[in-house]
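Reviewing the structure listed below.
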Amino acid sequence: MDGFSRVIRSAWNSLSRNKEWLFSGLGLSIVGAIGTYAWVFFHDPNQEPQSGDKDHQGATHITQSGFSAGGDMVAAGRDITGSVQIQKGYSPEDLHAIFQDQQALSARLGVTEGNIRTFFRILEQGEVPREQWPQRLLDIANRHKEALHRLAALRTQDPQSQVWLDQARAAIEAGDYAQAEHLLDQAEQSELSGLQDAERLLQEAKEAVAKRRGSAAALRAEKAELFAIQLRYLDAAATLASAVELVAETDPDQRLAYLDQQADMLQTEGDEHGNNAALKQAIVLYQGALLPARPRARVPLVWAATQNNLGTALARLGARESGTARLEQAVATYRAALEECTRERVPLAWAGTQNNLGLALAMLGARESGTARLEEAVAAYRAALEERTRERVPLGWAATQNNLGNALTRLGARESGTIRLEEAVAVYRAALEEVTRERVPLVWAQIQNNLGSALLRLGERASGTARLEEAVAAFRAALKEYTRERVPLDWARTQTNLGNALMGLGGRESGTARLNEAVAAFRAALEERTQARVPLAWAMTQNNLGNALLRLGERDPNAGTNYLQEARDSFQHSWTVYQDAGMSQYDNYFQQQLDNIETLILSQSDERAER
């Protein structure tokens with residue numbers, strides 16, 4: 001206790017030498033702290049704590065490394081790191097060193113004497129309990145030094161902000177926290193102002209990028225149009241895809257517009273060049289990109305238009321496949337579109353979708369033995385024509401007239417009379433009054449081909465050859481625009497139809513010239529109508545070729561067997577595809593044809609043996 005008394009006396013003497021400081025708030029606070037330390041050292045650590053007392057397992061004190069704490073005094077809610085050590089108890093020498101002078105205290109804490117006075121003032125003004133002063137003094141000193149260290153390393157973007165930052169550090173070092181706060185505020189406002197300028201420049205840069213992307217994409221779209229003019233539809237689609245990438249993030253509406261154009265180019269490629277892969281890509285775009293971006297609830301009419309386009313791609317592809325799944329999907333897609341695209345709402349769009357629905361139904365009807373689907377198709381076309389009038393949309397009216405003629409031709413082919421076929425011929429000829437070769441050459445060729453088909457059906461039922469000759473003329477006219485290079489599959493279809501008309505004429509003539517022309521037409525068609533590309537169309541042409549070869553085999557006693565063997569192969573190839581497609585209604589027909597060929601081969605073999 002003598003040692004502690006000496007410390008108290010020394011501290012008191014030090015304070016008493018400066019009476020003004022002694023009776024200041026800070027001096028009185030230090031006196032209070034001395035009293036607290038006295039309690040700590042006179043207190044018996046073994047004494048049982050009374051109710052409400054705190055169990056102090058150690059005392060906070062200052063070492064040469066700075067303040068350290070023992071027991072519960074550490075539990076101030078933060079870890080003590082760095083060079084701080086935790087020790088128990090005070091030695092008289094330590095306390096004597098603490099209050100001997102401020103210079104020693106500042107040295108031990110690593111701060112200035114002015115900082116020490118400021119720290120004590122903070123503790124006093126903060127009304128911090130005296131028993132917490134040692135730990136709090138350590139906390140403040142550490143924060144003070146850490147702030148200086150961080151500010152020394154901090155660099156700002158604005159030179160003036162850096163000046164204020166350096167000045168703030170100097171103010172902190174001097175213990176003038178109010179001035180430091182003011183300087184930091186100035187530096188912060190400068191940086192915020194610079195941030196606003198940078199954000200504005202960034203926004204302007206983003207807008208400039210978006211404009212540049214939009215311009216570049218527009219140029220690519222124009223280049224795609226040039227490709228389309230040259231019938232380079234795949235190049236056009238690829239160019240539009242690259243335009244989509246440019247505006248994908250900056251202009252979502254324009255992105256969808258380019259996707260629409262890309263899908264349209266793929267559809268055109270698939271339609272005109274027989275490219276099934278292109279049609280499949282178009283379907284993927286509609287289903288995977290366009291429809292999800294155009295939900296029915298948000299944009300019902302745009303959704304319906306996209307459904308209509310999807311249905312067209314499905315129908316075109318389904319027409320070339322042996323199964324009917326795509327065609328059924330097309331019908332369902334069109335009917336879904338018509339739920340939003342109503343006659344009252346958008347009459348012409350409704351008529352267009354009705355027209356397309358009729359196309360899908362007619363293709364399904366062509367593969368069925370009954371006439372229900374074909375009748376539905378006729379009803380759809382007639383409905384479309386209520387809005388698609390000749391006066392209102394002459395070319396649209398002509399297109400639907402052409403489709404109506406197709407359905408009537410198919411129905412007429414399944415009926416014994418010729419009323420439907422005659423109506424079909426009249427419908428086609430009416431359409432050709434609007435669809436001229438000069439105006440729309442490919443559509444004109446299509447209607448010429450279809451007119452030829454109706455005339456062919458009528459010619460097959462008439463005794464003369466006039467209708468058949470008209471059919472041949474119509475097919476040859478169509479081939480003037482339907483070239484192999486331009487529209488290979490349409491060219492092949494028309495070649496097949498021409499072969500049928502020539503075969504019909506050849507069947508009524510004694511010679512073989514027309515039959516040989518028919519065989520040549522069928523063989524030409526099969527160069528584009530491949531099994532891999534359009535299996536059912538290929539099978540149909542193989543069947544027609546078999547019939548032409550069969551007739552040649554019947555008429556040519558010298559080369560008859562060769563024709564008959566070729567005919568047998570054609571029938572067998574065709575039958576296999578129809579069987580794979582589940583079209584068993586043709587089984588009896590093919591079996592009869594093959595039996596007939598075997599009979600003829602045996603008969604001709606016997607005749608040769610007799611000779």
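Read-outs throughout are calculated quantities, based only on the coordinates presented, and are distinct from any laboratory measurement. Just so it is clear, the structure is predicted and the values come from calculations on it, not from any experiment. Backbone-built Cβ (ideal geometry, glycine too); neighbour counts: all protein chains shown.
Taking each pair of distinct Cα atoms in the range 397-555 once, what is the resulting Kirkwood hydrodynamic radius in Å?
By the Kirkwood definition, the hydrodynamic radius is 15.7 Å.
Order of 474-483, 128-137 by packing, highest average Cβ count within 10 Å first?
Packing proxy ranking, top to bottom: 474-483, 128-137.
For a protection proxy built on the mean count of beta-carbon atoms within 10 angstrom, sort 494-505, 342-353 highest first, please.
So the order, starting with the most tightly packed, is 494-505, 342-353.
Do me a favour and compute the ellipsoid semi-axes for the range 120-242 from its Cα gyration tensor, root of five times each eigenvalue, largest one first, whole Å.
After diagonalising the Cα gyration tensor, the semi-axes are 63, 16, 11 Å.
Say the dipole of the range 529-610 comes from +1 at the beta carbon of Lys and Arg and -1 at that of Asp and Glu; which of 547, 530, 565 then lies farthest toward its positive end?
530
Of the peptides 289-301, 572-584, how do they stack up when ordered by the mean number of other Cβ atoms within 10 Å, highest first?
Most protected by this proxy first, the peptides run 572-584, 289-301.
With the calculation restricted to Cα positions, what are the radius of gyration and Dmax of the range 529-610 in angstrom?
Using the Cα atoms of the range 529-610, the pair Rg, Dmax is 13.6, 46 Å.
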